[in-house]
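Structure first, then comments.
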Amino acid sequence: MEIIIKNDYDEMSLASADIVIKQIREKPHSSFSFIAGYTPIGLYRELVTACQHEELSFAAAKAFDLDEYVGLSPEDENSFYHFLNKHIFINCNFDQENVYLINGGAQDLEDECLKHEQLIMTTGGIDVQFLGIGQNGHIGFNEPGSSFDSVTRVIDLASKTRYANAKYFGSIEAVPYKAITVGLKTIMQARQIVLMATGEKKADIVAAALQGEITEEVPASILQRHDNLIVVLDKEAAAKLKNI
Ligand code: PGA
């Protein structure tokens with residue numbers, strides 16, 4: 001794995017954006033899987049700026065998302081669908097036909113999961129998979145205990161995850177109990193993975209995931225087995241890593 005440690009969040013965001021710009025330069029029709037959350041907002045800001053300055057074009061690219069709350073429709077302001085449209089898709093020149101987002105409001109959730117999984121496979125797989133990490137080691141919404149063999153499915157959210165995300169919903173009661181997430185096996189099939197983390201709150205789990213035991217209790221630890229993993233951290237998130 002390659003670990004890039006930057007001084008602060010802004011530098012981390014720029015370094016992550018450079019990975020996208022380089023990828024598009026080499027393969028304009030690349031397929032990306034993007035994430036919601038605080039961590040990638042700076043990355044998306046950089047990508048939007050690059051698109052607006054015509055230094056970057058997603059015209060031939062494909063995009064997927066990684067997870068979504070069950071019960072939130074695409075119009076819901078707390079849905080990841082809404083988040084990704086707002087932060088990246090509507091401000092960059094994606095062909096909407098090539099943007100594949102999970103609908104958490106779907107009537108048939110099993111079918112929605114199967115469809116997303118199949119779309120990833122039939123369109124040729126993911127070139128660059130972005131990931132954040134939860135303080136409990138989740139990637140996507142693959143909570144501790146998720147099988148390393150898992151594919152896209154409905155999952156119960158860990159109570160730590162619901163509490164961490166309550167700030168967006170106004171109250172803990174309003175946070176959904178379930179989500180759809182792309183599974184760990186599917187994530188590992190991406191040709192390149194970019195794991196991002198910022199802030200001291202992530203330092204312990206980053207060290208456990210990258211240098212600790214590979215175990216389903218720390219879902220992100222599976223990433224140690226990926227042969228094309230780039231980790232982009234700020235100094236705070238990297239603070240507990242040893243011998244780097
Ligand atoms: P965050 O979420 O970027 O908002 O910290 C990361 C995650 O829970 O996967």
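Can you tell me how the stretch 132-202 classifies by the Cα gyration tensor, rounded, prolate or oblate, using a/c under 1.5 as the rounded cut? Cα axes put the stretch 132-202 in the oblate bin. Evaluating 6.51 cos²θ - 1.76 cosθ + 1.60 at θ = phi - 60° for every residue in the stretch 89-106, the Karplus couplings come out as 5, 6, 9, 10, 8, 5, 7, 4, 5, 9, 10, 10, 10, 6, 9, x, x, 4 Hz, glycine and proline recorded as x.
Here the stretch 162-231 and the stretch 21-73 have alpha carbon centers that stand 18 Å from each other.
Here are some pairs, 6/242; 62/201; 160/235; which of them have Cα atoms lying more than 28 Å apart in this structure? Exceeds cut-off: 62/201.
Taking a ≥ b ≥ c as the square roots of the eigenvalues of the alpha-carbon gyration tensor, the stretch 1-97 is classed oblate because a/c is 1.5 or more while a/b is no larger than b/c.
Straight-line reach only, C-alpha to C-alpha below 18 angstrom: list the aspartates and glutamates that residue 86 could link to, leaving out same-chain residues fewer than 8 apart. Leaving aside aspartates and glutamates fewer than 8 places away in the same chain, those within reach of residue 86 are 46, 65, 67, 68, 75, 76, 77, 95, 97. Remark: the stretch 66-72, residue by residue, has Karplus-estimated 3J(HN,Hα) of 9, 7, 6, 6, 6, x, 9 Hz, where x stands for each Gly or Pro and the curve is 6.51 cos²θ - 1.76 cosθ + 1.60 at θ = phi - 60°. Taking the average, over residues, of other Cβ atoms within 10 Å as the packing measure, peptides 145-156, 103-114 rank 145-156, 103-114 from highest down. Note: relative contact order over the chain, using C-alpha pairs below 8 Å and six or more positions apart, is 24 percent. Bridge orientation summary for the chain: considering DSSP beta bridges with both residues in this region, about 25 percent are antiparallel. When DSSP beta bridges are restricted to pairs lying wholly in the stretch 24-160, around 10% turn out antiparallel.
About its Cα centre, the stretch 1-94 has a charge dipole of approximately 300 debye under the convention of +1 per Lys or Arg Cβ and -1 per Asp or Glu Cβ, with nothing else charged.
Under the rule a/c < 1.5 gives rounded, and otherwise a/b versus b/c splits prolate from oblate, where does the stretch 47-170 land using the Cα gyration tensor?
On the way: a/c = 1.66, a/b = 1.38, b/c = 1.20.
Verdict is prolate for the stretch 47-170.
Computed 3J(HN,Hα) for the stretch 60-65, one whole-Hz value per residue from the Karplus formula 6.51 cos²θ - 1.76 cosθ + 1.60 where θ = phi - 60°, is 9, 7, 10, 9, 10, 10, glycine and proline marked x. No disulfide-compatible partner, judged by a Cβ distance under 4.7 Å, exists for the following cysteines of the chain: 113. Over the residues of the chain, the helix contribution to mean residue ellipticity at 222 nm works out to -10000 deg cm²/dmol, using -39500 (n - 2.57) for each DSSP H run of at least 4.
Considering only 196, 150, 94, whose Cα is most displaced toward the positive end of the charge dipole of the chain, charges sitting on Cβ of Lys, Arg (+1) and Asp, Glu (-1)? Of the listed residues, the answer is 196.
Bear in mind these aren't lab numbers, they're just calculated from the coordinates by the rules spelled out. These figures come from a predicted structure and were not determined experimentally. Ideal geometry is used to build each Cβ from the backbone, glycine not excepted, and the neighbour counts take in all protein chains shown.
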